[in-house]
Amino acid sequence: MSFILSTGLANFLTGGGSLRKAFDDCVLNIYSGAVPVTAEEAPGTGLLCPITIGSVAVASTDRSIPKIHHVTFAGNAAAGDLCVLSVNVDGIGVINYTYTNTPDAGTLAQCVILIAKMINDIPQLVAIPDVTAAEMYVMSRINGLDFTLAYVSGDIVATVVAAVQAASRAACAALCFGLPTIGVISIAGGTWSGVNTATGVASFFRFVRPDDQGNQAGGATAIRLQGTISTSGADMNLSNTTLTISATTTIDSGNFQQPKSE
C-alpha cells in the first residue's frame, strides 16, 4: 500500500501546511479503470461515486467557515506583567497560556505581538496582531473547527469578543478529518457516503478539493491524494468493489497514519 501525492500536495505539506488543513474541505472520488501513475494525470472517465457528507452534492465554491475571535487588551504592560488566556480547541479541554512581559516588550502593542506569537504556537489556531493597536484576531486554521478563547487573569487585561465570525460546517457537505492522535487522523464531520453515478469495479480513489472534481489533469498546484481500492490489502478496502448505479456507498471508517520512520 502506498498513497500517491500530487506535486501540489507535496509542496503544501513541506511548505507549512498539514494533511488535515489540505483536506479540511474535500471530496473523495471513487473511480474504475486503470490507476493513474501520478496524481497529476486526468483520472479518466470512470467516476463511480463522489463521497461527501450525507451524499450531498458539493459545489466547486463550497467552503466551510473558520471561527474568528476579536481580542482587545488594556494595561500598562510593565516589566513582569502577566496575561493568562484559556483555550479549548478540538475538544481537548481548557488549557491556560501565560504571557510574561519579561524582558520588557516596551509597549502594550508590542506585548500583544508577543501574545499573538504564543497563540500561534497552537497548531489549530492563527493569531494576527495589530502592530499599532493593542488588539488581535484569532482564527481557526482548520475551516469549520470550533474553539473557545477567554481571559483568565493578569495585569494585561484581555477583552474577548467571541465569534465575530462563527465556525460553521452546516452550509458545506465537504469532508474533513479529526484531531490527530499518535500520528493518526481519522474521518470526521458526519456520515461519509455517496450515490453511485455509474456501475463498475472500483480500482482507485482520489481526495480532491471542491474546485478540483472534474476530469482534468492537474497542474503543480492541484491538491490531490490518490490510492488503490480492493477488498483487502489496498489503500482503501471495500467489502464489495462492484458498485451499482443509484445505490449508496458508505465509508464507515478510515484514517491516515504519519510514519515515525522511513
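Looking at the range 108-117, is at least one residue among the basic types (Lys, Arg) and in the same structural domain as GLY183 (by TED's automatic domain parsing)? Break it down stepwise before answering.
Let us first name the residues in the range 108-117 that are among the basic types (Lys, Arg), namely 117.
Retained after the next criterion (residues that are in the same structural domain as GLY183 (by TED's automatic domain parsing)): none.
Taking every residue of the range 108-117 in turn, none turns out to be among the basic types (Lys, Arg) and in the same structural domain as GLY183 (by TED's automatic domain parsing).
Which of the residues belonging to the range 166-184 are in a strand (DSSP E or B) and crowded, with 17+ Cβ neighbours inside 10 Å?
LEU175, CYS176, PHE177 - these are the residues of the range 166-184 that are in a strand (DSSP E or B) and crowded, with 17+ Cβ neighbours inside 10 Å.
Which condition from (1) closer than 30 Å to ALA133 by Cα; (2) assigned by TED's automatic domain parsing to the domain that holds THR244 is the one that ALA57 breaks?
Here ALA57 meets the rest and fails (1).
How about the range 87-99: which of its residues are in a strand (DSSP E or B) and surrounded by fewer than 15 Cβ atoms within 10 Å (Cβ to Cβ)? Spell out the reasoning first.
As a first pass, look at the range 87-99 and keep what is in a strand (DSSP E or B): 87-89, 95-99.
Selection gives ASN88, ILE95, ASN96, THR98.
Filtering the range 111-134 down to residues that are farther than 30 Å from GLY189 by Cα and modelled with pLDDT of 95 or more, which residue is surrounded by the fewest Cβ atoms within 10 Å (Cβ to Cβ)?
The selected residue is LEU114.
Quick check: anything in the range 202-215 in contact with a strand residue (DSSP E or B) (Cβ under 9 Å, 6 or more places away or on another chain), surrounded by fewer than 15 Cβ atoms within 10 Å (Cβ to Cβ) and in contact (Cβ under 8 Å) with a residue 40 or more places away in the chain?
Checking the range 202-215: at least one residue is in contact with a strand residue (DSSP E or B) (Cβ under 9 Å, 6 or more places away or on another chain), surrounded by fewer than 15 Cβ atoms within 10 Å (Cβ to Cβ) and in contact (Cβ under 8 Å) with a residue 40 or more places away in the chain.
Would you kindly identify the strands (runs of 3 or more DSSP E) lying entirely within the range 1-81 that contain at least 2 residues that are closer than 25 Å to THR231 by Cβ?
The strands (runs of 3 or more DSSP E) meeting that bar are 27-32, 47-53.
The values are calculated or read from the model by the stated rules, or taken from the named source; none is laboratory data. Because the structure is predicted, anything quoted here is derived from the model rather than measured. Glycine also receives a Cβ, built like all others from the backbone with ideal geometry; neighbour counts cover every protein chain displayed.
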